Each structure stands twice: as C-alpha cells, then as structure tokens.
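The values are calculated or read from the model by the stated rules, or taken from the named source; none is laboratory data. Bear in mind the structure is a predicted one, so any value in this text is a computation, not a measurement. Note that each Cβ is placed from the backbone with ideal geometry, even for glycine, and that neighbours are counted across all protein chains shown.
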Amino acid sequence: MCCPNRITAIVIVTVLCFFIACSKETKTPVTTTIAATSANDKTTTTASSTPAKTTTPAKNPDTIQTAPPTNLSKGLCCKTENVIIVVIDGPRYSETWGDYTLKNIPGQFELYHYGVLLGNFRNMGTTNTDSGHDAICTGNYENLENTGQVLPQYPSIFQEFLKSTGKPAGKAWVVASKDKLQILGNCKQDGWAGQYMPRTDCGISGLFSGYRSDDTTFAHAKSVLATYHPNLMLINFKDPDYFGHANLWGSYVKAIQTTDGYIKALYDLIQADPTYRDKTTFIVTNDHGRHNDNVADGFISHGDDCDGCRHIEFLAVGPDFKKGIGFDTPYEQIDISQTVAKLLNFKMDYGKGKLITDIFN
Ligand SMILES: [Zn+2]
Ligand SMILES: [Zn+2]
C-alpha cells in the first residue's frame, strides 16, 4: 500500500493550484475600450469619462465567449416611435466637431451629453446635395443630376415606412430650404413611383420655385411637428452651403452657429411635447462637407472625394441609443436608412447600408 494520505495531499494541492490559476485568470480579463475618439481632444476627453468597455471572459473550455448582451441582441429594440433627421447642408467637419473648441456648435455639444457621436462618418458617394440626401434617405449612392430634374431610383425611408405601416402621408414629411429636395418624396422604381409618397414642403413653393430662408424652414418645421406629429421627418437647412458658395467665410461660420441653434431648439421642442418626449430619435447629419483648404477653391465648393467633402457629422439622441459617448468606428451615409428602418420596424428593400450597431443600448 502506498501512502493514501500522500496521494490525497497531492490531489488537494493540485486542485488548489488549478483554482488559484483560474481565479488569477478571471481577475484579469482583457478589457477593450471601444469608446470614443472623435476627431478632437475635447470630445474625446468627455467621451472617455464614461467609456464603454467590452469585457472578454478569460479563456475557459467550458464556456463560449460572447459579447455582453445588448437590448439590440436581446431583441428588446426599439422604444423609438418617431425619427426626426436634421440635415445641415454642407458644413465642413473642421468647422463642426473637428474644431476642438466646438465654438460653432454649442447646442450640439449639449445634445451630445444625452446622445452618441460618430467621429468617423462619411459620404462615400457623390458629395453633392441631391446625391447626399438621396444616400441618407434610400441607402444608395447615386450620381444624381443636382438641380432636382431627376428622381432617386429606389424607394426612400418615407415610402417604405408609409407602405409598411399603412399610415397617411402626413405621418412622413420632408421640409427643406432647397426646393430641389422635393425629389426625396418619390422615386423611379417600378411599383413605387408615385406610391406611398410623404408630404413635402420644399423651397419657396415646391420644386423649381427657388430656395427659401432657413428661418422660414425652421418655422415650417415647428408648424408641421405641432400640426401633424409626423413619425418620420427630414428637415434641411441650407445656409452653411449657401454662404460657402458665396465665398463669405464669416456668414458661412455664422450659418453653422445659427443652424446649431435651430437643432437645439427643435430637440427642446420635441422633448417638451408629450407625443414625442422620450420616444423620438433625433439625428443630425450633413449631405456633404466642403473641400479641404488645399483642394481646389477650398471651403467655397465641394463635390469631389477629398476628405473635407466626405467627412460629415453624425450625432444622434434617442431612447435606444447610448448617451454621452463617441465612437470612431467607420460608418457612412447609406447606413442611416438601415438604422432608421430598424428603429421604426420596417425593411429597406433596396437599401445597401448596414445597421449602425455601436450606437444602440
Ligand atoms: Zn448640399
Ligand atoms: Zn473636396
């Protein structure tokens, strides 16, 4: 007989060593910070104060490694009942989130505390007004003629939403300073052309009537929200683009500040309205940026593939999104339609974009 006590002791020591090794491993999980680098120091610092972390469990043959469950992955999304998209026409990123002082967008910086920012968001198609708005609304990059002569090929979020829900046209709206954006209400696709069209209020009095002032659009947007309570709405403000083309730097910068005030005011209006409060997703983005200073005529124009033209804003506040955080994951303009479709529970039959998963709770 060979000393059973010794064997027992060896077994106990071995088991103890195993547990100690395991406990050390689980106490030092791999932690990856996925939060937050927008293109400037100020937002990075703020975002980092509440970093989002994914914890990868220590390797264990008995467990399957999975990401922490989210409301999205648990099928609990979405609380959103309404989506309002504000498109500021043509500010350059270097004058919005790319300016570390954020002096031109204090309203959006305030909203950022309740919302989520993408610092690496781009128009990867044609960087003009009609094509950019088309990409936002249909999830397709098309090189559209830019004066309103040509409709998008594919159905928009508005048409898909109205078809899916059977709601009346007044529950989806396009309100724009530029008359040519009336094209967002329709498309060329068989079975969709002339069908499920949203209400539009664009320019002085519709297509080919000319641009109107942003303060008129601001007033009309407030009136539409109060009168119709649309579930889905896009609002376009033109002045950063308008004054950029006019080569008026001071007016261009002032227009970014003025439209920033409209954004904050519209958000406050929504949160003050019981129909919208805490069940509305509010998205701020651009159709395109403008040339970098060393490209062509700089801030005056846009339309090519320089990063000044491609890099645009994406800020979103809503009941299904994270709060006070930024991500540098690359996303692009066509991804907005897919994300809106998820929020309002319909499908984009022809959209090419992907869901912006990072921003969801
Ligand atoms: Zn534009
Ligand atoms: Zn450019």
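Within the option set G351, G298, being among the small types (G, A, S) and either within 23 Å of R92 (Cα to Cα) or within 16 Å of ligand 1 (Cβ to nearest atom) (or both) holds for one residue only, G298. Taking the listed residues I270, I263, I204, I235, the one that is part of a strand (DSSP E or B) and touching a Phe, Trp or Tyr at 6+ places or on another chain (Cβ under 9 Å) is I235, with no other qualifying. Pairing residues of region 194-206 that are hydrophobic (A, V, I, L, M, F, W, C) with residues that are crowded, with 20+ Cβ neighbours inside 10 Å and not in a loop (DSSP other than H, G, I, E, B), at Cβ distances under 6 Å and at least 6 apart in sequence or on separate chains, gives M197/G185; C202/A176; C202/D179; C202/L181; C202/Q182. Looking at this structure, is V174 in contact with a Leu (Cβ under 7 Å, 6 or more places away or on another chain), at pLDDT 95 or above and part of a strand (DSSP E or B)? Criteria met by V174.
Exactly one residue out of E332, E313 is within 16 Å of ligand 1 (Cβ to nearest atom) and under 12 Å from the mean Cα position of the chain (by Cα): that is E313. The residues on offer are A255, A226, A219, A246, and the sole one that is within 16 Å of ligand 1 (Cβ to nearest atom), out of contact with any helix residue (DSSP H, G or I) (no Cβ under 7 Å at 6 or more places or on another chain), of a type in the set (A, V, I, L, M, F, W, C) and within 22 Å of C202 (Cβ to Cβ) is A246.
In this entry, N186 is excluded by the filter for residues that are within 25 Å of P240 (Cβ to Cβ), surrounded by 21 or more Cβ atoms within 10 Å (Cβ to Cβ) and of a type outside the set (A, V, I, L, M, F, W, C). For region 262-296, the candidate set comprises residues that are without any contact (Cβ under 8 Å) to a residue 24 or more places away in the chain and of a type in the set (D, E, K, R); within that set, the residue that is nearest to L117 (Cα to Cα) is D268. Residue selection: P319 satisfies the criterion of being surrounded by 16 or more Cβ atoms within 10 Å (Cβ to Cβ) and in a loop (DSSP other than H, G, I, E, B).
Selection of region 297-316 for residues being out of contact with any Phe, Trp or Tyr (no Cβ under 9 Å at 6 or more places or on another chain) and buried (at least 24 other Cβ atoms within 10 Å of the Cβ) yields H302, C309.
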